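Peer 1: Shown below is the structure under consideration.
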Amino acid sequence: MLACAEKRTPYLPPDANLLSRNVDILVVHNDAWLRHFLNVHLWRAGYHVRLARSAIDAGGLIAEAAPDVMVLDLDAQGMHCFEFLAGIRADRTIPFFPLVFLTADVNAARCVLELGAACVHKPVQPERLLATVALSTQMQRPHAAAVRRIPS
């Protein structure tokens, strides 16, 4: 993605939005400013974005309709990401969807990658976020033998 020097907004090639149309992204972050930041960049790239500030809010949105990809903050205090995700994965009525974690913790990032999820390091760079989300939209449900247990 190229930056437009005049407005300092991302420049998207004419057909870039074709890949992101009709893709629903659920952003879960407890910080209002970062939710807005993520929303703006994902929306500008053509994604349909839903926002949740907590695991409880996200659970309600997932019950309405599972997202195509969920972007969530691994470092959020009180969110208990792994317990939340274990509950989602255990519910057979919820279809599989890829996860993109945001974290500043290098050790947590390694754990996330071992789970087969994607990771974007903080501070979040818009180009990296969009590239990771785009790749995640192409992920398929893992085979049962490849699924690892989510750590508690």
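Just so it is clear, none of the values below were taken in a lab; they were calculated from the coordinates. On a predicted model such as this, the values are computed, not experimentally measured, just so you know. Note that each Cβ is placed from the backbone with ideal geometry, even for glycine, and that neighbours are counted across all protein chains shown.
Peer 1: Could you list Arg50, Arg89 so that the one with the fewest beta carbons within 10 Å of its beta carbon is first and the one with the most is last? Could the numbers behind the result be given before it?
Peer 2: Values: Arg50 19, Arg89 14.
Ordered from fewest to most neighbouring Cβ atoms within 10 Å, Arg50, Arg89 come out as Arg89, Arg50.
Peer 1: Can you give the relative contact order of the stretch 17-138 as a percent, counting alpha carbon pairs under 8 Å and 6+ residues apart? It would help to have the intermediate numbers written out before the result.
Peer 2: Working: 185 pairs, mean separation 29.0, N = 122.
So the answer I get is 24 percent.
Peer 1: Can you give the extra length, in nm with one decimal, that the chain gains between Ile56 and Phe96 once fully stretched, where that is 0.36 nm per residue apart less the Cα-Cα distance?
Peer 2: Details: separation 40, 0.36 × 40 = 14.40 nm, distance 1.86 nm.
Using 0.36 nm per residue and subtracting the Cα-Cα distance, I get 12.5 nm.
Peer 1: Within 15 Å, Cβ to Cβ, of Ala65, how many net charges do the neighbouring residues add up to if Lys/Arg are +1 and Asp/Glu are -1? Before the final figure, lay out the partial values.
Peer 2: Working: positive: Arg50; negative: Asp24, Asp57, Glu64, Asp68, Asp91.
Value of the local net charge: -4.
Peer 1: P(r) for the stretch 17-138: what percent of alpha-carbon pairs falls in each 10 Å bin, starting at zero?
Peer 2: 13, 51, 33, 2
Peer 1: Test of understanding: what is the full-extension gain from Arg110 to His36, defined as 0.36 nm times their sequence separation minus their Cα-Cα distance? Write down the numbers at each step before the final one.
Peer 2: Details: separation 74, 0.36 × 74 = 26.64 nm, distance 2.67 nm.
Once the chain is fully extended between Arg110 and His36, it gains 24.0 nm.
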